[in-house]
1. Can you work out the base-10 log of I(q)/I(0) for the chain at q = 0.18, 0.20, 0.21 1/Å, using the Debye formula on its C-alpha atoms alone?
2. Given +1 on the Cβ of Lys and Arg, -1 on the Cβ of Asp and Glu, and no further charges, what dipole in debye does the chain carry about its Cα centre, rounded to the nearest 20?
Amino acid sequence: MHEHDDPLRDLLVILRHAPHGSSWLKEGLDAALVAAAFGQSVSLLFMGEGVTALMPGQGPGPLEQKGTAATLEMLEMYDIETLLVDAQALSALGLAADELMLDVTPVSAEALSEALSAHRLVLTF
């Protein structure tokens, strides 16, 4: 490994579920916050329906599930600053990165495998 290479990050949490309809998204965010609280360097990758979690203006879901906006706002306090978004999912939803609630980095399909290999551990929710 060259000296200028980025060191491996500890954990990548992949979020593939929409905010409502299941608790997967919330559990994924909770796992990220817990890992970060224990000093792990954590990145998030929003893929597929998970991208919808970043859309502004979400209210509670049909089952009175709280939206995830409050949890997303806590990410910065936990130093979770690497927020990646599947660029294909963004365009499929007709969204642009600057329309989302948080400052995210769109990742092309080609760059996804690179993002995955840059982390010691990958959890998918």
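1. -0.94, -1.15, -1.26
2. Roughly 460 debye for the chain.
Throughout, read-outs are computed from the coordinates displayed, never taken from laboratory work. Every value quoted in this text rests on a predicted model; they were computed, and no experiment measured them. Note that each Cβ is placed from the backbone with ideal geometry, even for glycine, and that neighbours are counted across all protein chains shown.
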